[in-house]
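Have a look at the structure below before the remarks.
The values are calculated or read from the model by the stated rules, or taken from the named source; none is laboratory data. All of these numbers come straight from a predicted model, not from anything done at the bench. Glycine also receives a Cβ, built like all others from the backbone with ideal geometry; neighbour counts cover every protein chain displayed.
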Amino acid sequence: MHTLDAIHRFLKSISLWAVWMAGLAMLLSAIMVTIDVLCRKFFSVTMSGSDEVSGYVFAIGTTWAYSYCLLNRSNVRIDALYNFLPVGVRAVLDVVGVALLLFYMSYLTRKAFDVFWTSWTGNSVSSTTLLTPLWIPQLLWFLGLFLFVITLSFVLLYTLVGLIRRDPALVQRIAGAMSAEEEIVQETHGLDVRTNLGSGGRN
């Protein structure tokens, strides 16, 4: 278990780095688009390709954030009935959910690699004034998906170990939907807010 914990922490650090890079790229993209809009408004000059670059950045940045969301259990979950089920049943559903997501993302990632490889071997460029070599954004997009598949594979292994050890708390901690209190703590992190859902109030 110590090895799995260490790998989990390592993947968390990698995903944190990736999400920071994605956020920085989106920030720079937003600045570029803002400058483009202001230049068109006041100087009738346009920065050709800002919309194209921002599209690439959004697609790439989204995939680079997937692993962070998974490891921090921030992915959207439909849990209307989930919270009313026994803990053991919830643990099984968590594992099944991770397995199905891994199956889908593995297929998507393989197709993403095919797209990248086609562009690489065919020297494809965008049909815009930038003539962007398409393999560059497609490779970065694929790498985000690949990191997510690696992360999903590990999470599935970790949660299966939890099931085998009959430790639903471990499965919940790694892949379960966050409770209302956990969501509040996450949203108010660093704001010096204390929660007390049991008494129906918050201090």
Discussion item. Looking at LEU71, LEU27 in this structure, which one is of a type in the set (A, V, I, L, M), under 20 Å from the mean Cα position of the chain (by Cα) and within 30 Å of VAL95 (Cα to Cα)?
Written reply: LEU71
Practice prompt. Identify the residue in segment 43-64 that is out of contact with any Ser or Thr (no Cβ under 7 Å at 6 or more places or on another chain), not in a loop (DSSP other than H, G, I, E, B) and not hydroxyl-bearing (Ser, Thr, Tyr) and, among all such residues, is surrounded by the most Cβ atoms within 10 Å (Cβ to Cβ).
Written response: TRP64
Worksheet item: Restricting segment 30-58 to residues that are more than 18 Å from THR128 (Cα to Cα) and small (Gly, Ala, Ser), which is modelled with the lowest pLDDT?
Response: SER44
Worksheet, complete the sentence: For ASN83, the lone unmet condition from (1) in contact with a helix residue (DSSP H, G or I) (Cβ under 9 Å, 6 or more places away or on another chain); (2) closer than 27 Å to THR151 by Cβ; (3) modelled with pLDDT of 90 or more is (3)
Fill in: Pick from segment 1-21, criterion at pLDDT 95 or above and of a type in the set (Gly, Ala, Ser), ranking: farthest from TRP64 (Cα to Cα)
SER13
Discussion item. Please list, ordered by residue number, the helices (runs of 4 or more DSSP H) wholly in segment 123-203 having 3 or more residues that are among the hydroxyl-bearing types (Ser, Thr, Tyr), at pLDDT 65 or above and surrounded by 14 or more Cβ atoms within 10 Å (Cβ to Cβ).
Written reply: 135-164
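Quick one: which residue in SER67, SER74, SER106 is part of a helix (DSSP H, G or I), of a type outside the set (A, V, I, L, M), surrounded by fewer than 17 Cβ atoms within 10 Å (Cβ to Cβ) and touching a residue at least 24 places away in the same chain (Cβ under 8 Å)?
Details: SER67 fails: surrounded by fewer than 17 Cβ atoms within 10 Å (Cβ to Cβ); SER74 fails: part of a helix (DSSP H, G or I).
Sole residue among the options that is part of a helix (DSSP H, G or I), of a type outside the set (A, V, I, L, M), surrounded by fewer than 17 Cβ atoms within 10 Å (Cβ to Cβ) and touching a residue at least 24 places away in the same chain (Cβ under 8 Å): SER106.
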Worksheet item: So ALA91 clears everything in (1) loosely packed, with under 12 Cβ neighbours inside 10 Å; (2) farther than 19 Å from ILE150 by Cβ except one condition, right? Which one?
Response: (1)
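Quickly run through segment 114-135 and pick out the residues that are hydrophobic (A, V, I, L, M, F, W, C) and farther than 15 Å from ILE60 by Cβ. Full working, then the answer.
Pass one, segment 114-135, residues hydrophobic (A, V, I, L, M, F, W, C): 115-117, 120, 125, 130-131, 134-135.
TRP117, TRP120, VAL125, LEU130, LEU131, listed by residue number.
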Worksheet item: Could you count how many residues in segment 144-166 are farther than 21 Å from VAL92 by Cα and of a type in the set (Lys, Arg)?
Response: 0
